[in-house]
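Scroll down for the structure; my scribbles are underneath it.
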Amino acid sequence: MVQMTRRDVVATGLVLSAPALLGDRGLAAGPVGIATATSVAPREKLLFDFGWKFTFGNGCDPAKDLGFGFGQSDFSKTGEFKFAKPGFDDSGWRTLDLPHDWAVELPFVHDDNGAGDSQSRSHGYKPLGRRYPETSVGWYRREFDIPASDLGRRIWVEFDGAFRDVLVFVNGCFIGRNDNGYAPFGFELTDFLAYGAKNVIALRVDGSFGDGWFYEGAGIYRHVWLTKTDSVHLGRWESTVRQSLAGSSATLALATIVENQGAEIANARVVWRIVDATGATVATAETPVNPVPARGTAAFGASAALTDPRLWSPDEPNLYTAIVTVERNGQPCDGEMVAFGLRTTRFDADKGFFLNGKPLKIQGTCNHQDHAGVGAALPDALQRYRLSVLRQMGCNAVRTSHNMPTPEWVEACDRAGVMMMCETRLMSASPEGMNQLETMIKRYRNSPSVIMWSIGNEEWLLQDAMAEQGAKIAADMVRRCHELDPTRVVTAAVNGTNEKGVSDALDIVGFNYGEERIDPFHKKYPNRPIVGSETSSALSTRGEYMTDAKRNVMSSYDGAASWGKTPEAWWTFCGTREWEAGGFAWTGFDYRGEPTPYGWPSINSQFGIVDMCGFPKDYFYYYRAWWRNEPSLHLFPHWNWAGKEGQPIPVWVYSNLDSVELFLNGRSLGRRDIPRLGHVEWNVPYERGVLEARGFKAGRVILKERRETSGAAAAIRLSADRTEIAADGEDVALIKVEAVDAKGRAVPTANNRIAFRIAGAGKLIGVGNGDPNCLEPDKGTGRSLFNGLAQIIVQSTKRVGTIRIEAVQDVSADAPIGPAVLLIRSRSVSLRPAVPASKL
């Protein structure tokens, strides 16, 4: 339960997550999605991602939009939409698999029209919006079979997310509409399907209107599922387990709702089986048989006890699994699996944040949901990769900025032990706003990673000019959060004084920047816990060490937006105040759109601690030094400065050791003590050779790092995050591409253009290089290196075998460099249950 006091806000409770049956916690695991193992027979949950057809429509001209919108349309004449009927000719449509983001495939367009940020600029200069009707609407179509044996079952289509305004048609009938780009939605198809026959689903997706001021993609960018159940089944996201810990035992309060869509009363009971990470049963519970009214629902509850439970934490993300089964007349008729972790959280106004009774600073980052090469349509394995990058620097928490996250991101956090501030997109007590909030909480209230809900971000008017309305709206939203989930606290990301408006109702006061306001607030309101909901906004370009507005690049030393602070400045503020719970830096990854601090040709932000590919910037190593416990040493910049001989070059070291001594070509340039939460620096006249830092602990050198002047690029080097992936048509390997000189040393200034050839059991799905000003296509077969690096994303097919990746320099280059070949193994795996291609 939650003790909602201002002084000491506590959240304890069992928390359910995505299925992690048998304890698969590794980030390098195969693409096990949040819904993979949630089904228990006789329920079927089938992945509906493969074999779709796609074509562009048109936002203005119905003649170019399948006739949709004509007064003389097929529907007005015949009462049906022929594009959603068998026999419609889609032979000219493109075949593709989901998730899919068509925006990332579009060319860049320099469009700064309109007051303030135009949609094009804000969304990465992609041609989306009402001025681009020919590329802002997309149609998806899929034929599928429903066996005659499914007659009598209830069948739904469920979308994890599509951007943005979606119309769904099945077998010539209009089914429904959704216009939220981040919340999942679904429709029951039972009455519209043909049994023992071919069926057709078609979607019109309109991306003309953005939801945020950042890149959001366009299309069906998350998974789609076809779910089949008995008429008596578990309610969607209604299974909850809450716990109380006492000494070496835990009591589990188990609850769910059973729905009966049949015409007669159903006598049912619910059985729970709790298994640990090894699959061993550790507890069971069941309810008496109770009636569920016809076309109605009934609540079921029971309790179970665990002895010596293993708690969930960042160091040990222990998960259990609850297998929930509904029985009717003694036979199972529906079931699902949900994994859970046991942990307690507490926010203290004097002592900060506590997990499982121990103080813990929130070392967090804010993140949008796009990546180089694929835009917003991230394969599941890429979600895990991104989280692993953040974990390497010591990040223990993420904020879903500024929207409900994809299920695979939450699941990755559950398994990796990364905490989460889970944020809804729309701060409103309107029916739509409350529906989005309720959907988010119901879906993720059981996840151990989620430690707090956020009801909104930087709502200026509701915080100031409309503070009276803001206070009422926030109070309603917070109340609803507590009703649906009494185990967690509620906050919001506020860019103001936090003394009125939406802040009044919050359990935890969230500050976006404004460190100068935090100390006075804490002094004035000493009983209110505080977290840095958004901090830093440091600016840098990977591999650049001089700010140059003509090139749209930022120095890697100490840049920050006017409203923000460098990593060192904000973490020194946070790290020296025990009562401050921690915070979330803006941002972990660079992201498309909102190009800051420059406009065109910049197409993405430069706030990231890592770039769009996940390659670390130098700031990464500041956090690594002070967010992790093991010894750390990072020396920068590179030492390739031809033409600057004799000129002073700033040399910095991030380290958590006692002191660092710097050497140039064997000559000592002095030893300096490292200030707590700080860095050390020198100005070094440039000369070719070797720059070396030696880190001391207790008077002894324990770490060394070198920067050596390299020669010209002579060859390409390829390396993969994994050398073996699953042959399931979903898994991906991320390939690092770099230039090396004749001695095998990385060339940090290389910008060679590289071409790629993929053969065997894989395909190339995206390319990138982390350059915020690169206008090369993300879906091409080549990419220029940016300051020595590029990345390609290779996806498996469903064929077992070898994936051969070849990289060669573009033939137009004046000084060719040697090619490289890398082999990835695509291994046999059990495929996720999926909707097969139509055979009728």
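The values are calculated or read from the model by the stated rules, or taken from the named source; none is laboratory data. Keep in mind the model is a prediction, meaning the values are calculated, not measured. Don't worry about glycine lacking a Cβ; one is built from the backbone with ideal geometry, like all the others, and counts go over all protein chains shown. Calculation scope for accessible area: heavy atoms of the full protein, side chains included, ligands and nucleic acids excluded. Shrake-Rupley method; radii C 1.70, N 1.55, O 1.52, S 1.80 Å.
With a Förster radius of 56 Å applied to the C-beta separation of A263 and K358, the computed FRET efficiency comes to 0.55.
For the pair the range 319-381 and the range 605-676, the centres of their Cα atoms are 35 angstrom apart. When the charge dipole of the range 522-627 is built from unit charges on Cβ atoms (+1 for Lys and Arg, -1 for Asp and Glu) and taken about the Cα centre, the candidate among T541, F607, A569 whose Cα reaches farthest toward its positive end is A569.
Relative contact order for the range 508-549: what percent, with Cα pairs under 8 Å and sequence separation of 6 or more?
Details: 29 pairs, mean separation 19.8, N = 42.
With pairs under 8 Å counted, the relative contact order is 47 percent.
What a 1.4 Å probe finds exposed on the range 605-700 is 46% carbon and sulfur by accessible area, rounded to a whole percent.
Solvent exposure of the chain, expressed per residue, is 36 Å² of accessible area, with all protein chains present and a 1.4 angstrom probe. Using just its DSSP H runs of length 4 or more, each adding -39500 (n - 2.57), the chain gives a mean residue ellipticity at 222 nm of -3500 deg cm²/dmol after division by all residues. Only aspartates and glutamates eight or more places from K500 in sequence, or on another chain, were considered; those with a Cα closer than 16 Å are E458, E459, D464, E468, D476.
Taking Cα atoms only, the orientation of helix 431-444 departs from the longest principal axis of the chain by about 80 degrees. To the nearest ten degrees, helix 467-484 and the longest principal axis of the Cα atoms of the chain are 60 degrees apart. On the range 329-405, 47 percent of the accessible area sits on carbon and sulfur atoms, based on a 1.4 Å probe. The GluC sites (Glu not before Pro) found in the range 215-281 that occupy coil by DSSP, while having at most 12 further C-beta atoms within 10 Å, are E264.
Of all aspartates and glutamates in the structure, the ones whose alpha carbon falls short of 14 Å from that of K53, not counting any fewer than 8 places away in one chain, are D89, D90, D97, D101, E143. Past 27 Å, Cα to Cα: identify those pairs from K550/K763; K361/K704; K736/K798, in the order given. Checking Cα-Cα distances, K550/K763; K361/K704 exceed 27 Å. Sort out for me the Cα centre separation of the range 164-208 from the range 486-515, rounded to whole Å. What the calculation gives is 38 Å, centre to centre.
Report, to the nearest whole %, how much of the accessible area of the range 174-280 belongs to carbon and sulfur atoms, 1.4 Å probe, protein only. Display every interim value, and only then the final one.
Working: 1700 of 3480 Å².
It is 49 percent, rounded to a whole number.
Counting only alpha carbon atoms, the long axis of helix 515-524 and the longest principal axis of the chain meet at about 60°.
The charge dipole of the range 538-582, taken about the Cα centre with unit charges on the Cβ atoms of Lys, Arg (+1) and Asp, Glu (-1), comes to about 220 debye, rounded to the nearest 20.
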